[in-house]
Ligand code: AMP
């Protein structure tokens, strides 16, 4: 059983966690749900959800939250945070009767808000709920808000819109939950958070959950939380232990052929992360052109399209989902076999969150990264953070299949739908085999590291692969070019 003493933020008390990310069967020292004064309706809902015992974050936070204390929970996504705040919130609202007021749960992305709202509906028993997120019409939301819901799950931008339109007032809020608070700050929601905080009554309970505790979040918590109980669960921000991680060192232009050969030879569903919306579109088109059932998820798509993409991926209509970091956090899709970082993320936290989409709830999974020479800084940072070098995989030679991470007998997805129409056929590349790095990692070897040496620049220069280094033109040349244009 791993403890987290070294990584627990100052002032927090730590909780043992047998697995760093996925909820696990608790040891006998961990309380059972029966030890909390919960209502029969909640016990019934927990049984229906198949929750037999609380996860560590639930065990540590349910009691103080039930007693009305403010709570700061430092826990990664996938540790059972949703029920950790939803159970006490529902119990307190229900116990308060008609005058109990309402609760607001704020989440950084629409997808996460929808997921939390789904949970609120499963556990609510008699309480009205409303989902207030962007990308959809205001009318039905205003209708739902007029019906005086007890639980409102919202994203910050749309909640502020409603405040400004005066279609919502927050005076009756008794419980305020901030989920994935660090992500909200990363996404630039600080101004919206400040507006929301100002509209909330001073007399309320605040439950703040975050995977990491950056200093600006500490400042926000000091200003808005009263004597909070602080709980940190598990080592901060490490990938799930059952996720086998590896990396291919490839030139940027070789990423798509490598991706195509990996998804062709590895069964199971795949979540691919790309750096930008544009790259997400392009990667999806290449996959569709190669005959794969793929879809994309990023913030330029309508909410209906985003919902359809995620639901289609959940249900197996799409075997492959290509996404920006919008899907890195909190999204709970069972059984993602393979996460592929087509582009490395900008922060190590995002790496951990992306990898955390696989190997959930004690399942096995694989997380493969493609690192181009331009991404060497990010790769170094990730390896420093996780404390080891990622095993290098050799890209397949011509006519050779890449290493299969799972038995070939694993069932392929049953449903195969017509791929969405490609938008720009010009971007589609033929599948060109890659060269080996020559470090001896065979195509069919398992993910055991062949060497633990730290990465060096030499790792990024593949024999025979020309990497174009574009030098920034001199100031004089840039001035001359501007002159020519004007
Ligand atoms: P969350 O961190 O809230 O996204 O939860 C991650 C996953 O753990 C979800 O699939 C939950 O349904 C599941 N989960 C949460 N609490 C428990 C529990 N006490 N027992 C078993 N599974 C749980």
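Counting the residues of segment 279-320 that are under 22 Å from residue 257 (Cα atoms), in contact with a helix residue (DSSP H, G or I) (Cβ under 8 Å, 6 or more places away or on another chain) and part of a helix (DSSP H, G or I) gives 6.
One line per residue, one yes/no per condition, for (1) out of contact with any strand residue (DSSP E or B) (no Cβ under 8 Å at 6 or more places or on another chain); (2) on the phi < 0 side of the Ramachandran plot; (3) not assigned by TED's automatic domain parsing to the domain that holds residue 181:
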residue	(1), (2), (3)
339	no, yes, yes
347	yes, yes, yes
359	no, no, yes
366	no, yes, yes
375	yes, yes, yes
380	yes, yes, yes
383	yes, yes, yes
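Just one of (1) under 27 Å from the mean Cα position of the chain (by Cα); (2) at pLDDT 50 or above; (3) within 12 Å of the ligand (Cβ to nearest atom) fails for residue 32. It is (1).
Whether any residue in segment 249-256 is part of a loop (DSSP other than H, G, I, E, B) and not assigned by TED's automatic domain parsing to the domain that holds residue 178 is what I want to check. Show your work before the answer.
Let us first name the residues in segment 249-256 that are part of a loop (DSSP other than H, G, I, E, B), namely 250-251.
When the remaining residues are screened for being not assigned by TED's automatic domain parsing to the domain that holds residue 178, the result is 250-251.
Scanning segment 249-256 turns up at least one residue that is part of a loop (DSSP other than H, G, I, E, B) and not assigned by TED's automatic domain parsing to the domain that holds residue 178.
Matching residues to (1) within 16 Å of the ligand (Cβ to nearest atom); (2) over 23 Å from residue 393 (Cα atoms); (3) surrounded by fewer than 24 Cβ atoms within 10 Å (Cβ to Cβ); (4) modelled with pLDDT of 90 or more:
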| position | (1), (2), (3), (4) |
| --- | --- |
| 309 | no, yes, no, yes |
| 313 | yes, yes, no, yes |
| 317 | no, yes, yes, yes |
| 324 | no, yes, yes, yes |
| 328 | yes, yes, no, no |
| 333 | yes, yes, yes, no |
| 337 | no, no, yes, no |
| 341 | no, no, no, yes |
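Pick from segment 71-94 the residues that are within 6 Å of the ligand (Cβ to nearest atom) and part of a helix (DSSP H, G or I): which of them is surrounded by the most Cβ atoms within 10 Å (Cβ to Cβ)? Lay out the reasoning, then the answer.
Let us first name the residues in segment 71-94 that are within 6 Å of the ligand (Cβ to nearest atom), namely 77-83.
In the following step, the residues that additionally are part of a helix (DSSP H, G or I) were identified as 81-83.
Values: 81: 27, 82: 25, 83: 25.
Out of the qualifying residues, it is 81.
The rows are residues; the columns are (1) crowded, with 23+ Cβ neighbours inside 10 Å; (2) under 20 Å from residue 87 (Cα atoms); (3) without any contact (Cβ under 8 Å) to a residue 40 or more places away in the chain.
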| site | (1), (2), (3) |
| --- | --- |
| 126 | no, yes, no |
| 131 | yes, yes, yes |
| 140 | no, no, yes |
| 154 | yes, yes, no |
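The values are calculated or read from the model by the stated rules, or taken from the named source; none is laboratory data. Small disclaimer: the values here were computed from a predicted structure and weren't measured. Ideal geometry is used to build each Cβ from the backbone, glycine not excepted, and the neighbour counts take in all protein chains shown.
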